[in-house]
Every structure is written in C-alpha cells, then in structure tokens.
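The values are calculated or read from the model by the stated rules, or taken from the named source; none is laboratory data. Note that this is a predicted model, so its numbers are computed, not measured. Every residue, glycine as well, gets a Cβ built from its backbone with ideal geometry; the counts of neighbours run over all protein chains shown.
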Amino acid sequence: MTMLLLRASLAAQGLKVQHLEANQDEQDAFLSVFHAYMHTFNITAAVKIIENHLGKAFLKLRAVQGPSMIPGAAPGQPQPPPAHGGPAAIEN
C-alpha cells in the first residue's frame, strides 16, 4: 500500500515542513546523496546501507547466485541446448 503524504496536510497537523526546493544548494546535496545510493543499490547486491559521519559503514547484502557457465562459452553469448534429451532437445 502506497501512502502519499502531502506537505500541507503534514503542516496542518503541526509538523515543521521545509521545502527542499527553497534552497538550491541543499536540494543539490540531498539529490546527489540519493542518486549515489540508488546507483549503488542498482549495481550491487546491497539492500541496506548505514553510514555515519566518520565514514564507517554497514552494508547488508542479498545472496546472489551467479549464472551457470558452460566451459569455453563466452559470457553473454547464447548457450547451446542440452544434449541429454531435456526440454530443449528435439526428438524425431
């Protein structure tokens, strides 16, 4: 379930709301950090990152199983069908 929190409704409830767009330097800094984390999540096995002001970090990684490789086959190239009569083999 996605919940949309509108600034006006949060401010009406007494919360202090600052508009990120009001300060271009702060917005640029926040978005730079956000994009760095999003790229990290997209290209690594990281699912959680906690980092402090001293540069110490904790990363939680998901288990990743590599692709099965056939000896001599180049990575990213089509693999030949199995020769053992499995689902990819055609019998006459």
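Condition check ((1) surrounded by 10 or more Cβ atoms within 10 Å (Cβ to Cβ); (2) among the aliphatic types (A, V, I, L, M); (3) modelled with pLDDT of 95 or more; (4) farther than 30 Å from residue 63 by Cα) across all residues:
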site: 1; (1), (2), (3), (4): no, yes, no, no
site: 13; (1), (2), (3), (4): no, no, no, yes
site: 21; (1), (2), (3), (4): no, no, no, yes
site: 37; (1), (2), (3), (4): yes, no, no, no
site: 40; (1), (2), (3), (4): yes, no, no, no
site: 46; (1), (2), (3), (4): yes, yes, no, no
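Determine which member of the set 54, 31 is modelled with pLDDT of 90 or more and either touching a helix residue (DSSP H, G or I) at 6+ places or on another chain (Cβ under 9 Å) or of a type in the set (D, E, K, R) (or both).
31
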